[in-house]
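Notes follow once the structure below has been shown.
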Amino acid sequence: MSGADATNPKPARRATVMAVTSGKGGVGKTFVSANLAVALARRGERVLVLDADLGLANLDVVLNLFPKITLHDVFTGKHTLDEAIVAVPGGFSALLAGSGMVEYSRMTPELRERLTQVIDEVAPRFDRILLDTGAGISDVVLYTVSLADEVVIVATPEPTSLTDAYATIKVLAAQQNRRSLRVVINQVLRAGEGRVIRGQLQAVVDRFVTPLDPESPVKLELLGEIPSDPAVREAIKRRQLVSTVSPGAPSAQAFGMLAGKLCG
Amino acid sequence: VQAPAPTTSHRLRLDAALRLLQQAGITLPQRGEAGLDDAAWLQLVVDGLCDLSSRDALTGLGNRRAFEIALAREVDRVARAGEPALVLMVDIDHFKRVNDTWGHAVGDDVIRSVGRALADCIRPMDTIARFGGEEFALILPNCPPAFGQSVAERIRLKVENRPVTLPAGDLVKVTVSIGGAFAPQWVRSSAALWVERADRELFRAKASGRNRACLEQPPISDVSAEEKGMLFGTSTLQDLES
């Protein structure tokens, strides 16, 4: 396991849990999670996207799905997990947070227990679980990320987004001893911009982030760049996923490449 | 593990165990004393051995094994309850010099004295152990980050203000360096990583002159102007345009 040094070894046939986080809000975490899920599903993976942005969930809006039964009902014990898992057009599954989750915007022992339980329960049934976290580095976000085997940080080339992504990397390196983080640069205007930005981030990390063990420095890997794409705006307007409705669009192709990299 | 039936316990070879307990000053009632059946007596022997194997022979404090058990429990508790907890690593300054100047018997006295000073500083819920050599380790559950530095400072001062008196009347001045780290709240972590972080602070305390306490600063999410300058270094992005 490459992430926070978990106390338990990963049992056999358990999904790889990936946290998708960003620091800054509005850079496309949910967009990346959902489209990556479509691309992974196309490669035959069983994927579950879990809306872990409990305070300000919006996976339902992105997917245009408003199921009656949500994670909230699972947390309150009204419904089972199976009842809350929805099949999304595009071939993956989702667990939506639902409304009424504001009470979970602060970390409590109950929330910790429930999140862990939910992940443990679904993990054996999927190949990959994407945790679509909230923005920022609140204790809920950090805790959610700590449950993941791998971390994907989403950023756009905007200075504020890069600053927050970098701050997140710093905190994850210091607090969770993360040594290997993946970055996705969203809304790039020129091909190759993602590679440059990754290099830029890596240079600052090398200079300012001191790892506990100098032998294993923090390494950023570019998972991919998603081009700014009119097809994305079109799909969002129609409340659809670009990877589902315009698989030939440059952004959808980019997600295909991301998935290819993950599946090895 | 199945406990032996009391009827067979007389066949156990307990001489070595009983000798160890006696040497450590743990007194047991006579075997077969009124109201004490064989199993109950055997339980007392086992309890005594457990106690012995978790204590440090020189200082009577917990040993490294006891510390590691307590630490693993604390890691679990912190992740579940989200309460803050602090680990302090305490190392006697220039201990080799004490040994070289006064001999190992005085060295032992110094270790015992520091152990007592530390034990006087802690609350009943805290754990103190001799980690090894001249190094001690403390676990302070439920210690708010805002108090960490002053707690460590109090411990440092306690040792500094308590020189060791030698039989000949000489006073040996003793100081300690302290390194501390809080467990990350809510986050799954490991005992080894926690100690490593505190150790790194101890190293910092030593390197910056000893007789001081250094605590790991909470992870800083601030991004300095220097970092931003590098992050937005214009050159590379311009390269791309050309």
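Quick notes
- Cα gyration tensor shape of chain A, rounded if a/c is under 1.5, else prolate or oblate by comparing a/b with b/c: oblate
- Whether segment A:43-158 is rounded, prolate or oblate, judged on the alpha carbon gyration tensor where a/c under 1.5 counts as rounded: rounded
- Ranked list, fewest to most other Cβ atoms within 10 Å of each Cβ, for A:M257, B:M89, B:M125: B:M125, A:M257, B:M89
- Estimated vicinal HN-Hα couplings, Hz - segment A:126-137 in sequence order (Karplus 6.51, -1.76, 1.60; Gly, Pro = x): 10, 8, 8, 10, 9, 9, 7, 7, x, 7, x, 10
- Span-like helix criteria (full DSSP H runs; alpha carbon extent of at least 15 Å along the helix axis; mean Kyte-Doolittle hydropathy of at least -1.0) are satisfied in chain A by A:29-42, A:109-122, A:159-176, A:193-208, A:250-263.
- Taking chain A as a Gaussian network of alpha-carbon nodes connected by springs under 10 Å, the highest mean-square fluctuation of the residues A:A191, A:A39, A:A19 belongs to A:A191.
- As a rough footprinting exposure proxy, the listed residues A:R13, B:R55, B:R156, A:R125 were ranked by other beta carbons within 10 Å of their own, and the order from fewest upward is A:R13, A:R125, B:R55, B:R156.
- Cα gyration tensor shape of segment A:133-264, rounded if a/c is under 1.5, else prolate or oblate by comparing a/b with b/c: prolate
- The mean of 1/r over all distinct Cα pairs in segment B:176-232, once inverted, gives the Kirkwood hydrodynamic radius of 13.0 Å.
- For segment A:31-71 versus segment A:119-148, the gap between their alpha-carbon centres in whole angstrom: 12 Å
- Model label points for B:Q217 and A:E113, set 7 angstrom from Cα along the Cα-to-Cβ axis, are 3.8 nm apart.
- The string of couplings for segment B:137-154 from the Karplus curve (6.51, -1.76, 1.60, θ = phi - 60°) is 9, 10, 10, 10, x, 6, 9, x, x, 5, 9, x, 5, 6, 5, 5, 5, 4 Hz, one whole number per residue in order, with x for Gly and Pro.
- Of the peptides B:75-88, B:198-211, B:34-47, B:174-187, the ranking by mean beta-carbon count within 10 Å, highest at the top, reads B:174-187, B:75-88, B:198-211, B:34-47.
- By the helix-only formula, in which each DSSP H run with n ≥ 4 contributes -39500 (n - 2.57) and the sum is divided by residues, chain A has a 222 nm mean residue ellipticity of -12000 deg cm²/dmol.
- Whole-Å distance, taken between Cα centres, linking segment B:113-133 and segment A:74-91: 51 Å
- Set of lysines with alpha-carbon distance to B:K158 below 28 Å, sequence-local pairs under 8 removed: B:K96, B:K173, B:K206
- DSSP finds beta bridges in the protein assembly as shown, and of those with both partners inside it, around 45 percent are antiparallel.
- As a proxy for reagent exposure, B:S53, A:S22 were ordered by neighbouring Cβ count within 10 angstrom, fewest first; the result is B:S53, A:S22.
- When the inverse distances between all different Cα atoms of the protein assembly as shown are averaged and flipped, the Kirkwood radius reads 26.1 angstrom.
- When chain A is treated as a GNM with alpha-carbon contacts under 10 Å, the residue of A:F66, A:F92, A:F208 showing the greatest mean-square fluctuation is A:F208.
- All distinct Cα pairs of segment B:1-139 go into the 1/r average, and the inverse of that average, the Kirkwood radius, is 17.8 Å.
- Each helix, a run of at least 4 DSSP H residues, gives -39500 (n - 2.57); summed and divided by the residues of chain B, these come to -15500 deg cm²/dmol at 222 nm.
- Nearest-0.05 FRET efficiency for B:R116 and A:R46, computed from C-beta distance (R0 51 Å): 0.25
None of the figures in this text is laboratory data; all of them are computed from the coordinates on show. Since this is a predicted model, take the numbers as computed values, not measurements. We place every Cβ from the backbone using ideal geometry, glycine too, and count neighbours over all the protein chains shown.
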